[in-house]
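Have a look at the structure below before the remarks.
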Amino acid sequence: MEPGWHDGGYRRAASICRDRIAGRPYCHPVDVDWNAELVDQLEWHWQHQLRPRLDGLTDDEYYWQPVAGCWTLSRRGQSSAPMSIGVGDFTLDYAEQPHGREPVTTIAWRLAHMIAVFGPPSVPHFEGTRLEHPRVAYSGTADGALRQLDDGYEAWIRDVRGLGSAGLAVRQGALSPPEYADAPLAKLIMHVHREAIHHGAEVSLLRDLYLWKTDRGISRAPVQPSTANSPTGLASTPDAT
């Protein structure tokens, strides 16, 4: 018999919970506001850990390649990746699965992915179909990307909070691929939060590596026609650093 889970174990756990109920609000039985818990999962992490780590991001960091051949954002028509995603002047390197060995990605790529995961802030997240959501016009600058990320996060949290607890059990339906149509919205929300948390951690690590990089690292922005016409303000042929 598993230690601690026989009758005596349950009695001891119940006794401890009764003793600590005033100071431990998660002792059972207790009513849980699952919507508030899901919002807090991302909101606390965003406000106290992830977003402060992104302050001061430079364009050089944004495009820095820790190894050669990274997937990144490229000026339209200049990517060597199998696919280019996005509208506007810059596109996201991509490939259909399976793709063999996954390439390392830059901060620009990871932020762009997070922006796409949050979805366009002007479109309700839990209405319509996934095919109705417009594609993203990715930013060629770090500042622009952070503004897009902030707008996407704020709109996402607002719409999740607006679901209430009952809304978490609603079917995903046409919002998601057919294999997830019968899954609850709570599953979709947890997926988005996982994406934001783990890609945010990757971006934070890349910032640390950039800070301690040697001259073996490669810093490369998309090729620009000229410095004067560059939306990034970077030279047309940036030197490796």
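Any chance the range 124-131 includes a residue that's among the small types (Gly, Ala, Ser) and without any contact (Cβ under 8 Å) to a residue 40 or more places away in the chain? There is no residue in the range 124-131 that is among the small types (Gly, Ala, Ser) and without any contact (Cβ under 8 Å) to a residue 40 or more places away in the chain. When the helices (runs of 4 or more DSSP H) confined to the range 1-63 are screened for residues that are of a type in the set (A, V, I, L, M) and modelled with pLDDT under 95, those reaching at least 1 such residues are found at 7-20. Kindly establish whether residue 141 is among the hydroxyl-bearing types (Ser, Thr, Tyr), within 30 Å of residue 60 (Cα to Cα), more than 16 Å from the chain's Cα centre (by Cα) and modelled with pLDDT of 95 or more. Here the answer is yes, as residue 141 does meet what is asked.
Residues are listed down the side, and each one gets a yes or a no for (1) outside any helix (DSSP H, G or I); (2) outside the structural domain of residue 52 (by TED's automatic domain parsing); (3) out of contact with any Phe, Trp or Tyr (no Cβ under 7 Å at 6 or more places or on another chain):
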| site | (1), (2), (3) |
| --- | --- |
| 80 | yes, no, yes |
| 88 | yes, no, no |
| 108 | no, no, no |
| 114 | no, no, yes |
| 122 | yes, no, yes |
| 143 | no, no, yes |
| 169 | yes, no, yes |
| 174 | no, no, yes |
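If you scan the range 176-208, which residues turn out to be in a loop (DSSP other than H, G, I, E, B) and free of Cβ contacts under 8 Å to residues at least 12 places away in the same chain? 181, 182 - these are the residues of the range 176-208 that are in a loop (DSSP other than H, G, I, E, B) and free of Cβ contacts under 8 Å to residues at least 12 places away in the same chain. Please verify whether residue 147 is within 18 Å of residue 51 (Cβ to Cβ) and free of Cβ contacts under 8 Å to residues at least 24 places away in the same chain, treating the condition exactly as stated. Yes; evaluated as a whole, the condition is true for this residue. Looking across the range 90-106, the residues that are among the hydroxyl-bearing types (Ser, Thr, Tyr), under 24 Å from residue 55 (Cα atoms) and outside any loop (DSSP other than H, G, I, E, B) come down to 91, 105.
The values are calculated or read from the model by the stated rules, or taken from the named source; none is laboratory data. The structure displayed is predicted, hence computed values, not measured ones. Glycine gets a Cβ as well: all are built from the backbone with ideal geometry, and neighbour counts include every protein chain shown.
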